[in-house]
Structures are given as structure tokens and as C-alpha cells.
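Note sheet for the following structure.
None of the figures in this text is laboratory data; all of them are computed from the coordinates on show. Keep in mind it's a predicted model, so treat the numbers as computed, not measured. Glycine gets a Cβ as well: all are built from the backbone with ideal geometry, and neighbour counts include every protein chain shown.
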Amino acid sequence: MPVNAPAEYFKAEEKFREAKTREEKIRALEEMIRLLPKHKGSEKLLAALKTKLSRLRNQRERAAKRKGWIKKEGDVMVCILGLPNSGKSRLLNALTGAGVEVSEVPYTTSEPAVGVADYGGVKIQLVEIPAAFRREHMGLVRNSDAVLLVVNSERDRAELESVLKGFGIELPVCESRADEEPETVKERIWKVLRLIRVYTKVGKKVEKRPIVLKEGSTVRDAVAEIHKDMLKTFRFARIWPGKYPGEKVGLNYKLRDGDIIEVFA
Ligand SMILES: Nc1nc2c(ncn2[C@@H]2O[C@H](COP(=O)(O)OP(=O)(O)OP(=O)(O)O)[C@@H](O)[C@H]2O)c(=O)[nH]1
Ligand SMILES: [Mg+2]
């Protein structure tokens, strides 16, 4: 039994016990791990929870592979679209370390290739779409949150836009050259997604994995995301950087990308 675990932890534990699907179990475990106070006394429990989580994630991955589709993982999914040999795989590798084959032979990537990029704790799942633009692959594009076009020339842009139009895909779009700095590319992707990252702080510790919210979200949205019940007992929150470090704010305060929030409830 962990010492000093907050009430939310036990709620997450209850969710885990009552979970019927693997996905629910994974979500509950992630929450438990996030909420468990990290100290010597909780080390063993934390390790056990992490083992359980990784086992479930592996199962999920194997199941997805068996079914032959790519499961939307991480917080957002972004498809990489480009003409043959435009450098899609190279970019995917630079962003995620996926280790996909890069070659001067056109159409080297014949099935969607996946990697996960980390952007300040947000997991961005990137999927290279084969340049043949097959219908079933374009279905993946349709299900993603944004599209990254690999554009090395004006002509590339025109062709890719007509592909998107041809499939009736209307999504946030950003562009990048194959040789662009990964950090710049991630920033650009993040901008078109119109999302913000909010990092929760408990005591001295700031969580590495942020809460992902829509642009324009308030403290209310963040608190609801942490735990619905917390809205009832909410007193105030402190924000960094804020107007001054630890600015005291209420539920209507509009959050910004990168804000740190400490909730007092
Ligand atoms: N100099 C240079 N070469 C690049 C760049 N991007 C890609 N290449 C080269 O272009 C070729 C194709 O790169 P890939 O990353 O495999 O391109 P792709 O778009 O994934 O290609 P397909 O999967 O075949 O459609 C390789 O020989 C790369 O080394 C770049 O930015 N600069
Ligand atoms: Mg490729």
C-alpha cells in the first residue's frame, strides 16, 4: 500500500479493477503511475505497475500487427505525405529514430511505416504513407489529426495538394523539407494541431507527460481532464510562468502552451 497516495490514485486503482477492456486497463494504469507519489516506499509498487503496463501495451501492439492496421497511438497521429524519393523515410527517422529503410529506389516504402516522436512529453505518432497513395492508405490519412507534406519544390506542393483534394481530405496541413531540423518540424506540426501542453505539478514535482488540450482551454478544462470530481472541490490553481511565477488563478484562466499548473482542491 503506497504511503501518501492521493485519493485520485485509489480512484484510478478502482477503475483498473473494474476495467473490462485492455484499453481501459492501460488508461487506468497510466493514471495510477502518474498519480503514485514517487519515493523509496513506493518504488516496488511503481515497478510492478510499469511492468503490468508494458505487458498490456505489448499485447496491444501484437494484436494491432495481427490485424494489419496501425492503431492510433500516442496523443496525436500525423501522416507524412510526399512524392516518391522525396525523403519521407529520412524525415521519419530523424524525427522518431524509427529506423525505416532509406534508399534512392523510388517506392521503397510500400506499406505505412510508423514512428513516435516526443515533443515535450507529447507522443506524436508519425506514419509515412507510401507514395503510391493507395486508397486504404489514404484512409489512414483521413483518420489522422494533421498531415505533414514533404515539399522540396513548388511542383511537389501542387501535386500533394491535388492528391489530398482528390481523396477529399481536409485536415490541418503543414510542410517541411526532408532535411529540416527535427525540432523545427515538430514545432510546425504542433502549431497546426492547435493544441496546448499543460504540465501538472504536485508538490515540487512537475509531470513529464503533459495534459493535451485544445487551444483556448481554461483551468476548468485542465482540472476536468485530471479528475472530474476535482471540479467540485477546486479552490484555486497556481500557474507558471504566469504573470508572476505561481500566479494564483481561477477556473476561467486561459492556459497557454507549456504552462505548468498546480491545482489546490
Ligand atoms: N541530400 C539529400 N538527400 C536526401 C534528402 N532526403 C532524402 N534524400 C535521399 O533521397 C533518397 C530517398 O529518401 P527516402 O527517405 O527513402 O525517400 P522516401 O520519400 O521515403 O522514398 P519512398 O519511400 O521510396 O517513396 C535517399 O537516397 C536519400 O538519401 C535530403 O534532404 N538531402
Ligand atoms: Mg520511404
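Of all GluC sites (Glu not before Pro) in the stretch 19-52, which ones are in loop regions per DSSP and have a Cβ with at most 13 other Cβ atoms within 10 Å?
Answer in residue order: no site qualifies.
Quick one: 3J(HN,Hα) in Hz for the stretch 176-190, Karplus 6.51/-1.76/1.60 with θ = phi - 60°, rounded, Gly and Pro as x.
7, 8, 5, 9, 6, 4, x, 5, 5, 5, 4, 4, 5, 4, 4
So what are the chain's ellipsoid semi-axes, whole angstrom, largest first, if each one is the square root of 5 times an eigenvalue of the alpha-carbon gyration tensor?
37, 23, 16
At a Cα cut-off below 26 Å, give the lysines reachable from residue 186, other chains included and same-chain residues fewer than 8 away excluded.
By straight Cα distance, residue 186 reaches 71, 72, 88, 123, 165, 201, 205, 208, 214, 254.
Measure nothing fancy, just the Cα-based angle from helix 7-18's long axis to the longest principal axis of the chain, in degrees from 0 to 90, nearest 10.
On a 0 to 90 degree scale, this one is about 60.
Does the stretch 195-264 come out rounded, prolate or oblate by the C-alpha gyration tensor, with a ≥ b ≥ c the root eigenvalues, rounded set by a/c under 1.5 and, if not, prolate when a/b is larger than b/c and oblate if not? Write down the numbers at each step before the final one.
Working: a/c = 1.18, a/b = 1.06, b/c = 1.11.
Since a/c stays below 1.5, the shape of the stretch 195-264 is classed as rounded.
Between the helical axis of 22-35 and the dominant principal axis of the chain, each derived from Cα atoms, what acute angle in degrees is found, rounded to the nearest 10?
So the helix axis and the longest Cα principal axis differ by about 50 degrees.
Hand me the trypsin sites (Lys or Arg not before Pro) from the stretch 164-265 located in a DSSP loop with no more than 10 other Cβ atoms within 10 Å, in residue order please.
Those that pass, being in a loop and sparsely packed, are 204, 208, 228, 235, 243.
Do any GluC sites (Glu not before Pro) in the stretch 156-251 lie in a DSSP loop with no more than 13 other beta carbon atoms within 10 Å, and if so, which?
170, 215
What percent does the relative contact order of the chain come to when contacts are Cα pairs within less than 8 Å and at least six residues apart?
In percent, rounded to a whole number, it is 13.
Under a 10 Å cutoff between Cα atoms, tell me which one of 148, 251, 83 has the largest fluctuation in the Gaussian network model of the chain.
Highest fluctuation of the listed residues: 251.
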